[in-house]
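Undergrad: One structure coming up, written as structure tokens, with questions to follow.
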Amino acid sequence: MEVLLIAWGSFTLVLVILLIYRGTLNMQEDDQLFLDEAESHMQKEQEELLGKMHRLQPYVRGFGAASGALTLLIVGLVVYRALEQF
């Protein structure tokens, strides 16, 4: 049981770190850009931000699914052990 709790804590910690990182990337993203030729570097920065966010998304989903699955497994084991005592 301790191993499951350590694994759950590790996956959840990585998930929280990824969500914080994604949030900082989201804060830098602009909803609208009005660009002329002199500000074309801003468009490239926004494209790079979108690329980072798209590359990050599978990791967020994977760690979120792993954390959720481990949560269900731990809760199931706790319920099973409680029912076993009766």
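The values are calculated or read from the model by the stated rules, or taken from the named source; none is laboratory data. Given the structure is predicted, the values throughout are model-derived calculations rather than measurements. We place every Cβ from the backbone using ideal geometry, glycine too, and count neighbours over all the protein chains shown.
Undergrad: Criterion first (surrounded by 10 or more Cβ atoms within 10 Å (Cβ to Cβ) and modelled with pLDDT under 90) does Leu4 satisfy it?
TA: Taking the combined requirement at face value, the residue does not satisfy it.
Undergrad: In segment 49-86, which residues are exposed (fewer than 10 other Cβ atoms within 10 Å of the Cβ) and of a type in the set (D, E, K, R)?
TA: If the condition is that a residue be exposed (fewer than 10 other Cβ atoms within 10 Å of the Cβ) and of a type in the set (D, E, K, R), then Arg55, Glu84 are the ones that fit.
Conditions (1) modelled with pLDDT under 95; (2) among the aliphatic types (A, V, I, L, M); (3) assigned to a helix (DSSP H, G or I), marked per residue:
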site	(1), (2), (3)
Phe11	no, no, yes
Leu35	yes, yes, no
Ala38	yes, yes, yes
Met53	yes, yes, yes
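Undergrad: Where the second residue is modelled with pLDDT of 95 or more and β-branched (Val, Ile, Thr) and the first is within 10 Å of Leu70 (Cα to Cα) and lies in segment 1-25, which pairs have Cβ atoms under 9 Å and are six or more apart or on separate chains?
TA: Qualifying pairs under 9 Å: Leu4/Ile74; Leu5/Ile74; Trp8/Thr71; Trp8/Ile74; Thr12/Thr71.
Undergrad: Also: Kindly evaluate Leu73 against the criterion of being in contact with a helix residue (DSSP H, G or I) (Cβ under 9 Å, 6 or more places away or on another chain) and not charged (D, E, K, R).
TA: yes
Undergrad: Here's a follow-up. Looking at (1) of a type outside the set (A, V, I, L, M); (2) surrounded by 10 or more Cβ atoms within 10 Å (Cβ to Cβ); (3) within 23 Å of Val16 (Cβ to Cβ), which is the only condition Gln46 fails?
TA: Every listed condition holds for Gln46 apart from (3).
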